[in-house]
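Quick notes on the structure that follows.
The values are calculated or read from the model by the stated rules, or taken from the named source; none is laboratory data. Computed from a predicted model, the values in this text were never measured in an experiment. Note that each Cβ is placed from the backbone with ideal geometry, even for glycine, and that neighbours are counted across all protein chains shown. Accessible surface areas use protein heavy atoms only, side chains included; no ligands, DNA or RNA. Shrake-Rupley method; radii C 1.70, N 1.55, O 1.52, S 1.80 Å.
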Amino acid sequence: MAAAPSGLSAPVPGSGSPGAVAVWEWQDEFGKWRPYQGSVCSYIEQSFQASQQKGKRLGPGPANNSIPLGHADAMLAPYVIDIPSLMQFRQDTGTMRAVRRHLFPQDSAAGQGVIWEWQNDEGGWSPYEMNVCVFLEQAYASGHQHVDLGPLGYNYDVNLVSQVQTNKTTLYRRSIQRRLDTPYPVTAATGPLHTGMACSCQQCLLNSGTGPITTRYRHSINLPSSSAVPQVSSRTTAVSSSGLGFVPYNKPTLSGSRSAPRLNTHGAWALPQPASTGGPSTGGPSTGQPASNGVSVPNLPVVMPKSSKVNQALAASTEPELVVRKYLEELKDAPADEDCIICMEKLASPSGYSDAYECKIIRPETVGRLAKCQHTFHLLCVLAMYTNGNKDGSLQCPSCKAIYGEKTGTQPKGKMEVSTFPRSLPGHEDCGTIQIVYHISRGIQGPEHPNPGMPYTARGFPRYCYLPDNEKGKKVLELLKVAWKRRLIFTVGTSSTTGESNTVVWNEIHHKTEMDSNLSGHGYPDPNYLDNVLAELAAQGVTEDCLRP
């Protein structure tokens, strides 16, 4: 097996270096970092510098130190980066992802706009994290034919001549490619730079594949205790309904989520440590408590686009107002010192959306409280949120995600088939297997989809999924049938693995698409999967109560 090229590392500019290249990355559900596109990074860095140098408050809220990514890319409209906590927040679902900022030499791959990518199971291309891109570009420029990604925490050998990545354990092969894109933004160098090799700084050690999982979420994947990254198999699920997010059913408690970020000596912003016991994990899933046990999330504003004529017409109609009044009890006196987390204005002040939504029945200063969870908002803010959503007659509390009414999704038409066979799944040797096959074909987007009237694709169908044929597995199956009828299993969005937009993707209810191995996190054995998927279904409003006559 080829070793890492000896002496292969880019020279680190001295203290007199005029600048460095800033790369912002978000952390996926496997604990690995994925760089934002160069143009998006430029916007993030520009906004970040403005907030640091001028004390500028970003975003629509008066006290909102956040960066709305939709300003850089319309496809990222639901996403906001909260600077104090260094978390990416998806506003319509509550998804949170850790983000980080790394500095690289200007003559590195990042500075040249060179991106190295691997081919995923859907035929698209996914970028390596920037440390790997820099390392591969150094090897490529030096004329090396083989490199070993082991020093960077990846169990892969890369042949730069044939452009093939090989898993050193399973020998599974994938194509790779080198692509030119927008160079990443130049900024002032504030410390030693990342050069592509395994960096020994605290940020890299903490955020490697075996670092703490306290900023990630417990779900079905079993991470190995070694530094090797699981090889994605030939049949795997897309993990999200967007290009960025995964909705966890338990969100970590962030201590001091609005405290200032800490800049370490290596020019990378350190993440705040969660207020949980046990310290950093060394490889297994987090043991944090579910959101239903009182775990908090950052109070970021729910940012919605300015009302279109369609939304104004909806807001002026009777039905949305009835939905709002059905679930919120109007309060005579608004809490004096409490904020509305939708608009981030004081509840004692008028709604921040009063200039965008005109309603004859609901006044801008009217405040209401949700019946079950007791969270309080401006009624006009809730109306604005509802008319920018699915408009299915249900509401979801933007604070705790409690669901009022029956939530439905935007899944395209298709067919769900179920069968059983006697072969057992690893970890469930005492029973047979339930096989679910989902069929969805390409079509035209409806009014509930991101781009009505435009075509959508349906890659990778039919999709095969597996459950143990035991009591709990059968309960999960029945709840998945309910979720299917409510159009919650899939949606139309941007694929997290290919980056393709206007395509059918999974909608935050994880499925097992492999039988014999869990190297990718989408197979068996996985003793926590059934409990996890039950919690994910409950987060969508699909519980055992739905099965009662």
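Remarks
- Mean projected area in nm² (Cα convex hull; one quarter of hull surface) for the stretch 393-457: 7.8
- Net charge in the neighbourhood of E417 (other residues with Cβ under 14 Å of its Cβ; Lys, Arg +1, Asp, Glu -1) is +3.
- FRET efficiency for Q145 and I361, using Cβ-Cβ distance with R0 set to 56 Å, rounded to 0.05: 0.20
- The alpha carbon centroids of the stretch 462-520 and the stretch 351-373 are separated by 37 Å.
- Once divided by 2.2 N^0.38 Å, the Cα radius of gyration of the stretch 342-467 becomes 1.57.
- Taking a ≥ b ≥ c as the square roots of the eigenvalues of the alpha carbon gyration tensor, the stretch 350-406 is oblate, as a/c is not under 1.5 and a/b does not beat b/c.
- Summing +1 for each Lys or Arg and -1 for each Asp or Glu among the other residues whose beta-carbon sits under 13 angstrom from that of S351 gives -3.
- Between M416 and N159, full extension at 0.36 nm per residue minus the direct alpha carbon distance yields a gain of 88.4 nm.
- Residue-span extension gain [D430 to S175] - 0.36 nm each, minus C-alpha spacing: 87.9 nm
- When the pairs K415/K481; K407/K481; K332/K391; K481/K512; K413/K474; K326/K360 are compared against a 19 Å limit on Cα-Cα distance, K332/K391; K413/K474 fall above it.
- Three-way shape call for the stretch 96-136 based on the alpha-carbon gyration tensor, with the a/c threshold at 1.5: oblate
- Accessible area, probe 1.4 Å, largest first, for residues S175, S66: S175, S66
- Cα gyration tensor shape for the stretch 434-549, rounded if a/c is under 1.5, else prolate or oblate: oblate
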